[in-house]
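Colleague: Okay, handing you the structure first.
The values are calculated or read from the model by the stated rules, or taken from the named source; none is laboratory data. Computed from a predicted model, the values in this text were never measured in an experiment. Ideal geometry is used to build each Cβ from the backbone, glycine not excepted, and the neighbour counts take in all protein chains shown.
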């Protein structure tokens, strides 16, 4: 049997002078069918989104997992430092140096979510104040104070402890430090500072852990009755996005730009270990972790929400994040030399990270703010 399209029937009906109403009815039907077919696979930007799984996975699969790894790595750093103090050989020094770099990785990635206990309990400055003041560090070493962990914790300023004090004691501005040059006083300061750092990482992990203060549950339960910190799911998701904005801004407009604009190597983060480029890349990888919901294992990330509202935005942002990581990696090592010798590469990295920040501020955050959540 010969089949006729709806348009053939429509044409025949109109030519045979059937009633105008039939023509209109057929046309309306065709338009409705066509519109429906075109939009079957398109996301509905007005549909309410349940962010419960995303918030839970962010809190546990990303944040708590990162802090747990940080605390474990800090424990390994402390063990390596104690081994160096007990037997100050070149091999033990290099093991301690590698342990410091390994501990930096989860910490720098965690800077994509510098809110909650790391902020309210003052753990960020205690762990990672920079640049260090070499004069004040020398004053500590030259003093008659007993360099115990209690002294470091209570009496010293944030700039006299934490990652970069340990870095200063282990490294010497990219040149391989010799174990024979390390003094007994430096070893005492090194152990006390590392014990202090380990105490801070343990405090941070417990602040998020179920057996501790369980801030993970505070984030995961955003929008539930009685949650005073995050009274809505939208508030929790906006906290996630603002955390990413903060670190993108710091990397583009602080960590990279400040020493670049001033041509001042003393402003470079991780200047003694020559670990700056890895630090910056890990900052952006932290953004990537939050966005895709992954640290060690996979979870539901912010990307699923963005994709449900704007597929092109999701694709563009994931590309921008990876380009920023690659642009930072393209800066010739060490970064402290490239701020004067390879300025075009440094500027390209600044531009790439700034694009990530701009997309977060102008596209993703407004999308979250305009969306309805359960």
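Colleague: Just to be sure I understand, how many residues within the range 222-256 are touching a residue at least 40 places away in the same chain (Cβ under 8 Å) and outside any helix (DSSP H, G or I)?
Modeller: 4
Colleague: Please state which one of 282, 333, 363 is more than 25 Å from residue 106 (Cα to Cα), touching a helix residue (DSSP H, G or I) at 6+ places or on another chain (Cβ under 7 Å) and in contact (Cβ under 8 Å) with a residue 24 or more places away in the chain.
Modeller: Values: 282 fails: more than 25 Å from residue 106 (Cα to Cα); 333 fails: more than 25 Å from residue 106 (Cα to Cα).
That would be 363, the only listed residue that is more than 25 Å from residue 106 (Cα to Cα), touching a helix residue (DSSP H, G or I) at 6+ places or on another chain (Cβ under 7 Å) and in contact (Cβ under 8 Å) with a residue 24 or more places away in the chain.
Colleague: Being at positive phi and modelled with pLDDT of 95 or more, is that true of even one residue in the range 87-110? Show your work before the answer.
Modeller: Taking the range 87-110 and keeping what is at positive phi, we get none.
No, every residue in the range 87-110 fails to be at positive phi and modelled with pLDDT of 95 or more.
Colleague: What helices (runs of 4 or more DSSP H) completely inside the range 97-188 contain at least 3 residues that are under 18 Å from residue 79 (Cα atoms) and in contact (Cβ under 8 Å) with a residue 60 or more places away in the chain? Walk me through how you get there before you give the answer.
Modeller: Working: elements: 117-120, 123-128, 134-142, 149-155, 163-170.
Correct list: 163-170.
Colleague: I'm trying to understand the selection: among the residues of the range 257-275, which are surrounded by fewer than 20 Cβ atoms within 10 Å (Cβ to Cβ) and assigned to a loop (DSSP other than H, G, I, E, B)?
Modeller: Passing the criteria: 263, 264, 274.
Colleague: Now for a separate question. If we scan the range 237-256, do we find a residue that is surrounded by fewer than 20 Cβ atoms within 10 Å (Cβ to Cβ) and more than 17 Å from the chain's Cα centre (by Cα)?
Modeller: No; the residues of the range 237-256 include none that is surrounded by fewer than 20 Cβ atoms within 10 Å (Cβ to Cβ) and more than 17 Å from the chain's Cα centre (by Cα).
Colleague: Which of the residues spanning the range 170-205 are under 18 Å from residue 101 (Cβ atoms), surrounded by fewer than 17 Cβ atoms within 10 Å (Cβ to Cβ) and in contact with a helix residue (DSSP H, G or I) (Cβ under 7 Å, 6 or more places away or on another chain)?
Modeller: Across the range 170-205, the qualifying residue is only 179.
Colleague: Then there is this: Can you name the residue in the range 206-217 that is in contact with a helix residue (DSSP H, G or I) (Cβ under 8 Å, 6 or more places away or on another chain) and part of a helix (DSSP H, G or I) and, of all such residues, is surrounded by the fewest Cβ atoms within 10 Å (Cβ to Cβ)? Can you show your working first?
Modeller: Kept after step one, since they are in contact with a helix residue (DSSP H, G or I) (Cβ under 8 Å, 6 or more places away or on another chain), are these residues of the range 206-217: 207-210, 212-217.
After this cut, where a residue has to be part of a helix (DSSP H, G or I) as well, the list is 207-208, 215-217.
Working: 207: 20, 208: 25, 215: 22, 216: 22, 217: 16.
Checked the range 206-217; the qualifying residue surrounded by the fewest Cβ atoms within 10 Å (Cβ to Cβ) is 217.
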